[in-house]
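The values are calculated or read from the model by the stated rules, or taken from the named source; none is laboratory data. Every value quoted in this text rests on a predicted model; they were computed, and no experiment measured them. Here the Cβ is made from the backbone with ideal geometry for all residues, glycine too, and neighbour counts use every protein chain on show. Areas reflect the complete protein model, heavy atoms only, side chains present, ligands, DNA and RNA absent. Shrake-Rupley method; radii C 1.70, N 1.55, O 1.52, S 1.80 Å.
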Amino acid sequence: MIIGFWSEKPGRGSSTYNMIAAGLGVSEKCDKRVILMQGKHDYNRIEYAFTPYDDESVMKEDYGYYNYGGMDSIINKLENDILTEKEFNKEIIAIRNTNLCYILSGKVRNNPEFQGRFIKCYDKYIEFLKNSSDICMIELDNDLQYVDSERFNKFDVFIVNLPQDIKSLHKIIKNKEVMGKALFIVGNYDVNSEYNLNNIRRKYGIDEKRICAIPYSVKFRDAVCSGRSQEFYERHMEKRKGDSEYEFIRAVESISELIMERCLSGE
């Protein structure tokens, strides 16, 4: 099962945080391995949501530091047609006592270079993931190539991440296939905004069963930035109505249920 996370607005769609939150929620609801990965490269690296930040400007003596792993390694193997299930599994890092996993973003800092290589082997990678029994969540760059019919339809579930503003979808509003099939998440949601969930849904003609909102949680953002996202979720998942993180946890559960329903229905 392949679930894509995409945003038209770079840096504003909250796609990284939304994918992490959805991954935490979905992994609680199923027995399959849930793997988080990124087909992009910027400062919001997925590994820092689960491990403390590592300052790469500091010199290290460990030889392994100079070896590229994670997505860099996977792309190298795809380019040379040598990616196997065994090699793929070597790049997966399991989170202790859970079925949630992630793949390192890698050390290449130049996103245009990374993105160019990723796009070239994209079709091969998606076909490889289709043979997996895992739930693979992949965050994509904001490139419009991902929302053309050929690439969009390769995903079992495609999630468009929206900022809470009136121009959220101005580049794809006329793409009837995406607008009619995708799921939508409004990240960093503020219920007091004029652009609330109902107004966004009505403006873009989105069915209420295909759109959710994840409210802003400074505690979750802090947890993601300090490598404690799993601890945060486990600590707050039993929150009751009126507790500080109740609305956030309830929203994560809602989007997780929506994803699982879509996965099971095969729509």
Principal axis box of region 178-242, alpha-carbon based, largest edge first, Å = 37, 25, 22
Please state the relative contact order of the chain as a whole percent: Cα pairs under 8 Å, 6+ residues apart?
-> 30
Tell me, what are the semi-axes, in whole angstrom and largest first, of the equivalent ellipsoid of region 228-267 as set by the roots of 5 times the Cα gyration tensor eigenvalues?
-> 24, 12, 6
Mean separation of Cα contacts under 8 Å, 6 or more apart, over the residue count of region 81-210: relative contact order % = 14
Taking alpha-carbon centroids only, region 217-267 lies from region 150-205 a number of Å equal to 20
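Send over a whole-number figure in Å² for the accessible area per residue of the chain, probe 1.4 Å.
For the chain, the per-residue accessible area is 50 Å².
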10 Å Cβ shell holding at most 12 others, DSSP loop, trypsin sites (Lys or Arg not before Pro): longest site-free stretch of the chain | 175-239
With -39,500 (n - 2.57) per DSSP H segment of 4 or more residues and division by the full residue count of the chain, the 222 nm estimate, nearest 500 deg cm²/dmol, is -11000 deg cm²/dmol
Fraction of accessible area attributable to carbon and sulfur, the chain (%, probe 1.4 Å) = 47
For region 84-231, radius of gyration divided by Kirkwood radius, i.e. Rg to Rh on alpha-carbons | 0.98
Convex hull per residue volume in Å³, alpha carbons only, for the chain = 134
Pairwise Lys count, region 170-267 - Cα closer than 28 Å, eight or more residues apart or different chains = 14
